[in-house]
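Asks: Questions regarding the structure given below will be posed in turn.
The values are calculated or read from the model by the stated rules, or taken from the named source; none is laboratory data. The shown structure was predicted, so the numbers you read here are calculated from the model rather than taken from an experiment. Backbone-built Cβ (ideal geometry, glycine too); neighbour counts: all protein chains shown.
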Amino acid sequence: MPPDRRAKNQVLELLVTTARRHAELKASDEVALRNLQFELKTHANGDDVVCQGERPDVAVFIVSGMLARYHTVPSGDRQYLSLHIAADMPDVQSLFLKVMDHSVCALNDAEIACFRHEAITRLIAKHPLIGFAFWRITLVDAAIFRQAITNNSARAPTVRLAHFCCEMYFRAREAGLLRNGRCDLPLSQSQLGQLLGMSHISLHRALQTLRHEELLDIRDGMLEIFNWREITRRSAFDPTYLHAAKES
């Protein structure tokens, strides 16, 4: 069902705001973005938005909720790769990489806007600054992937969990998604362990340590950080790799 006018305007304003964070857009670029057509869809926790091996013809923009990328290995187990929050575009690369090498699923009730690839490619051809914005989005994704590799392979379990939580909290804060000092983190301990490459026991011990030190808590699908200065020091979290501001 096509979105009503108010819902459509809200989605497109969020898209324009996101693009502005990644490029110095002209007024004509913003007008073009506001004229994009899309389909609004809702997904429940566990729903696949796109599956490994598919050839999608739309790019996804998250309006609300959280999505996750994951690989399915031959045994059927999942390796979660990254998390995506409102205003993220987790599969812009599908414009050029036609076959999905991973799946994307909803981690809670999520609303997404689906923009047809052909409409986006036409838009980029006429408005290259929008193309730069989308390109920068994929570069930030790559930076997050690189940090995740370092986090999962070179940091001790407690530091690994703390660093990941700092990243998610920082991203939520930048996107204006904090509520009473908390942000969504709707993962089970099993999913969190798969994401961080940690056994259930290691994850439980790390979480208990951080709770005992009164640095953070994860409960009922929410992340709360009690001492931002100390937990960033403890985890050596430096948000530079998130490139929250456009470089001058």
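Asks: Of the residues that sit in the range 189-248 and are among the hydroxyl-bearing types (Ser, Thr, Tyr) and without any contact (Cβ under 8 Å) to a residue 12 or more places away in the chain, which one is surrounded by the fewest Cβ atoms within 10 Å (Cβ to Cβ)?
Replies: Narrowing the range 189-248 to residues among the hydroxyl-bearing types (Ser, Thr, Tyr): 190, 199, 202, 209, 232, 235, 240-241, 248.
Restricting the remaining residues to those that are without any contact (Cβ under 8 Å) to a residue 12 or more places away in the chain gives 190, 199, 240, 248.
On the way: Ser190: 12, Ser199: 10, Thr240: 8, Ser248: 4.
The extreme case among them is Ser248.
Asks: Could you say whether any residue in the range 123-143 is farther than 30 Å from Glu30 by Cβ, in a helix (DSSP H, G or I) and β-branched (Val, Ile, Thr)?
Replies: Our first condition is that a residue be farther than 30 Å from Glu30 by Cβ; within the range 123-143, this holds for none.
No, because not a single residue in the range 123-143 is farther than 30 Å from Glu30 by Cβ, in a helix (DSSP H, G or I) and β-branched (Val, Ile, Thr).
Asks: Looking at the structure I just gave you, is Asp29 assigned to a helix (DSSP H, G or I) and either under 23 Å from Leu195 (Cα atoms) or not hydrophobic (A, V, I, L, M, F, W, C) (or both)?
Replies: Values: assigned to a helix (DSSP H, G or I): yes; either under 23 Å from Leu195 (Cα atoms) or not hydrophobic (A, V, I, L, M, F, W, C) (or both): yes.
Yes.
Asks: Which of the residues that make up the range 23-48 are aliphatic (A, V, I, L, M) and touching a residue at least 60 places away in the same chain (Cβ under 8 Å)?
Replies: We begin by selecting, within the range 23-48, every residue aliphatic (A, V, I, L, M); these are 23, 25, 27, 31-33, 36, 40, 44.
Result: Ala23, Leu25, Ala32, Leu33, Leu36, Leu40, Ala44.
Asks: Among all residue pairs at least 6 apart or on different chains, which show Cβ distances below 8 Å where the first residue, located in the range 49-66, is under 20 Å from Gly176 (Cα atoms) and the second is part of a loop (DSSP other than H, G, I, E, B) and of a type in the set (Phe, Trp, Tyr)?
Replies: Note: pairs meeting the criteria are Phe61/Phe38.
Asks: Tally the residues that are out of contact with any Gly (no Cβ under 8 Å at 6 or more places or on another chain), closer than 16 Å to Ile137 by Cβ and in a loop (DSSP other than H, G, I, E, B), restricting the search to the range 86-118.
Replies: 7
Asks: Out of everything in the range 82-123 that is crowded, with 18+ Cβ neighbours inside 10 Å and β-branched (Val, Ile, Thr), what residue ends up being modelled with the lowest pLDDT?
Replies: Looking at the filtered set, the residue picked out is Val92.
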